[in-house]
Amino acid sequence: MIQRLCLCAGLLLAAFNGNAQGAPPSFKVLALLSPVEDHRQMMKAARPMLEEMARENHFQISITDDASVLNAANLRQYAVVVQLQEAPFDIPVAAQQALQQYIESGKGWVGIHAAGLTGKSFLAPGTPYWQWFEGFMGGVIYWPHPAFQKGTVIVEDHTHPITKGLPAKFEISDEWYEFDKSPRGQVRVLATADETTYHPNKPMGDHPIIWVNEKFRRMVYIGIGHDASLCSDPNFTLLLKNAINWAAEQQ
């Protein structure tokens, strides 16, 4: 509880403008962080990483773990919402509806790791299931992940702006989220997890780990992102920077 109160004390850290000459930022980003204890170290490392990214890439960012900021009046000012490990079932129903309307209006969404936890297994009794979000994720349902371990990401689509500058493959340590089936056919797969490089819980065979759902104008899900060390990993930070810039594009 103490750690959560400390995290909440920094709600809505805003206005990181990367232009020293004082010109207005290119766009505004809302980063919604998870307040869950298991994610605390990643959230602590993510704040300065996101702030530096905003300065260097000339956008403004607000960082919070308070899901109540997901309301129509507040969301109107942002081009992109980055949902950093904040699971959909932890977002109140009214905030879910506001975020859904925001996305359907054509705004950008970047979901990282636990942001993609679909399925009903985590729901408290009597809690309504956000069925729309399951379709948004490509119709997949999350399965329990394997142990945290080192593995390899294989970049499959080198033509997409999100993967620009990434190597053909890169190694990280993560939880390697698994789903009941591959979303391929419902989404455009950008990268997969190489299941031969780690020990899966239940092998998927075809294991997308980064994808975009082109039924929505600017949506990208990045399944990796559990560990704080990724905030200083050049491949992960480049991936996130590319994703935010792409999600903010108006064309």
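Quick notes on this one:
- Unmet criterion (only one of (1) surrounded by 15 or more Cβ atoms within 10 Å (Cβ to Cβ); (2) on the phi < 0 side of the Ramachandran plot; (3) in a loop (DSSP other than H, G, I, E, B)) for Asn201: (1)
- One residue from Thr163, Thr159, Thr152 being polar (S, T, N, Q), touching a strand residue (DSSP E or B) at 6+ places or on another chain (Cβ under 7 Å) and under 30 Å from Lys28 (Cβ atoms): Thr163
- Flag not set for His226, criterion: assigned to a loop (DSSP other than H, G, I, E, B), without any contact (Cβ under 8 Å) to a residue 40 or more places away in the chain, of a type outside the set (S, T, N, Q) and under 26 Å from Met49 (Cβ atoms).
- Meets criteria (closer than 23 Å to Arg47 by Cα, surrounded by 15 or more Cβ atoms within 10 Å (Cβ to Cβ) and among the hydroxyl-bearing types (Ser, Thr, Tyr)) for Ser173: yes
- Scanning the range 81-93 for residues that are among the acidic types (Asp, Glu) and within 17 Å of Ile222 (Cα to Cα) turns up at least one hit.
- Flag if Gly138 is surrounded by 21 or more Cβ atoms within 10 Å (Cβ to Cβ), assigned to a loop (DSSP other than H, G, I, E, B) and of a type outside the set (Val, Ile, Thr): yes
- Residues of the range 151-170 classified as closer than 23 Å to Leu117 by Cα, touching a Phe, Trp or Tyr at 6+ places or on another chain (Cβ under 8 Å) and surrounded by fewer than 19 Cβ atoms within 10 Å (Cβ to Cβ), total: 1
The numbers here are math on the coordinates, done by the rules we state, and not lab data. Every value quoted in this text rests on a predicted model; they were computed, and no experiment measured them. Don't worry about glycine lacking a Cβ; one is built from the backbone with ideal geometry, like all the others, and counts go over all protein chains shown.
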